[in-house]
2 protein chains.
Amino acid sequence: MKKISESAVRRLSLYLRLLRGIAGDQELISSQELAEPSGSTSAQVRKDLSLFGSFGQRGKGYSVPELIDTLERILGLERRWRVAVVGVGKLGSALLGYRGLSERGFDVVVAFDVDTEKVGTELNGIDICSIDSLSRVVRERGVEIGIIATPPEEAEGIVSRLADAGVSAVLSFAPIELGNRDPMVVRTMDLALELEGLTFALTSARNGDS
Amino acid sequence: MKKISESAVRRLSLYLRLLRGIAGDQELISSQELAEPSGSTSAQVRKDLSLFGSFGQRGKGYSVPELIDTLERILGLERRWRVAVVGVGKLGSALLGYRGLSERGFDVVVAFDVDTEKVGTELNGIDICSIDSLSRVVRERGVEIGIIATPPEEAEGIVSRLADAGVSAVLSFAPIELGNRDPMVVRTMDLALELEGLTFALTSARNGDS
């Protein structure tokens, strides 16, 4: 398979989200219909999907259920993933109550914190364990993905400990750069980046561009 | 200006973040150096930047300070933006304490909630006002961007009220689709989408793809 850029993967996720929303209502979809809500173009859609050997029928479009299957397979979403949330402050607590995760195939199976008041309790049915037990508990519960919601100064150390415990991927909310630690995959959730997408749109609109 | 795709804007933000990190240490940067940490290619970098008339000098690279100026201007970041957070639950509270916003030019100037216990208090120096006063307060304080951290069922109504009050752009954390309301720009922060970027990487690694 050719190397796929991060932004192409992002588009595939957007196509899948859209397709899941219309599944059952619609059997076929055109590249144009897929492009519009994903902020893409129909040429881009066709190019993205052809990378994976998914070809629509000329003049008819793509089969919605087939395309869902293909995209789920490519994105690794034909199965569920076991997630740990590290840090149960405001953000971490919000994550433990976030329905959008399990709906999309991500099960938060455990959380970690340093606060002895929180350790041993549960939130939304999820156990909060001591950060000191992280390595053991991560292995016992088969955690595959860690979400880091600790203060930024803790994040680097937590990533190392998760990597040592065999966690394959990390999504960090700490607004600092965390390098990839091959083979672990690390991503940073960057709120400012999303806001910059908005300010770009506002600025180009004010300048009279389309 | 040509229409710029959402993913191109995203790349511009990533280039800018990288450039700001090295400003002062380095005078010139090659397209290759810009590409690597942004998950892009040097050809893509050159193409992205040429859209805005920013051309590196052959064999030397781009001027770091010039490129920062150009990208800030394109992304609308040569100025600061006034932001309101709607919903001061766990997520909203976390946002009011998030340093990454003001560091990148976004000032949270007010927050809104329905809870009478919270209304009239402040958190991290930010006033929490009643949601009933939203239209008036948004106008008085010149809010330009709204961040929605309410329960999903409230989000749609809040977007309408923000639009009526003249807010230009909204970033929503509610895991539901909110259509654009021209001229207001609406984006949804999608945690599952970020996680899908990780599962794609894990899945293609396991399949032995590069």
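Here are a few things to note about the model shown:
- Summary for residue B:57: label point 7 Å along Cα→Cβ; distances to the equivalent points in the other copies, ascending, 5.9 nm.
- Inter-chain Cβ neighbour count for A:131-142, averaged per residue, equals 0 (cutoff 10 Å, partner chain atoms only).
- The mean number of Cβ atoms from other chains found within 10 Å of a Cβ in peptide B:96-108 is 4, as a whole number.
- Across region A:29-34, rounded Karplus estimates of 3J(HN,Hα) from the backbone phi angles (6.51 cos²θ - 1.76 cosθ + 1.60, θ = phi - 60°) give 9, 8, 4, 5, 5, 6 Hz, Gly and Pro being marked x.
- Axial C-alpha extent at least 24 Å, average Kyte-Doolittle at least -1.0 - helices from chain B (DSSP): B:6-22
- Taking a sphere under 14 Å around the Cβ of residue A:121 and counting the other residues whose Cβ falls inside, with K and R at +1 and D and E at -1, yields a net charge of -4.
- The alpha-carbon of residue A:60 sits under 19 angstrom from the alpha-carbons of these aspartates and glutamates, leaving out residues fewer than 8 places away in its chain: A:25, A:27, A:33, A:36, A:48, A:69.
- From its DSSP helices (H runs of at least four residues, each -39,500 (n - 2.57)), the protein assembly as shown gives a residue-normalised ellipticity at 222 nm of -13000 deg cm²/dmol.
- Packing rank of A:82-90, A:128-136, where each peptide gets the mean count of other beta carbons within 10 Å, highest leading: A:82-90, A:128-136
- Karplus-derived HN-Hα couplings along region A:110-121 (A = 6.51, B = -1.76, C = 1.60, θ = phi - 60°), whole Hz, x at Gly and Pro: 6, 10, 10, 8, 8, 5, 5, 5, 8, 4, x, 9
- When only Cα pairs below 8 angstrom with a gap of at least 6 residues are kept, chain B shows a relative contact order of 13 percent.
- 15 Å cut-off, amide nitrogen to a point 7 angstrom out along residue B:154 Cα→Cβ, residues in region B:69-105: B:84-96
- Kirkwood Rh in Å, taken over all unlike Cα pairs in chain A: 19.3
- Cα lying deepest toward the dipole's positive end in chain A, options A:135, A:22, A:203, charges on Cβ: A:22
- In chain A, the beta-carbon sitting nearest the axis that superposes A on B belongs to the residue given here with its distance in angstrom, A:7, 2.
- Prolate/oblate/rounded label for region B:6-75 (Cα gyration tensor, a/c 1.5): rounded
- Burial ordering of B:144, A:140, fewest other beta-carbon atoms within 10 Å first: A:140, B:144
- Backbone HN-Hα couplings from phi across region B:84-100 [Karplus 6.51/-1.76/1.60, Hz, Gly and Pro as x]: 10, 9, 9, x, 10, x, 5, 5, x, 4, 4, 5, 5, x, 7, 5, x
- Dipole size of chain B about its Cα centre, with +1 on Lys/Arg Cβ and -1 on Asp/Glu Cβ: approximately 780 debye, rounded to the nearest 20.
- Ranked from shortest, the separations from the 7 Å Cα-to-Cβ label point of residue A:135 to its equivalents in the other copies are 6.0 nm.
Just so you know, all these numbers are worked out from the coordinates, no wet-lab data involved. The shown structure was predicted, so the numbers you read here are calculated from the model rather than taken from an experiment. Because the Cβ atoms are built from the backbone with ideal geometry, glycine has one as well, and the counts that use them run over all protein chains shown.
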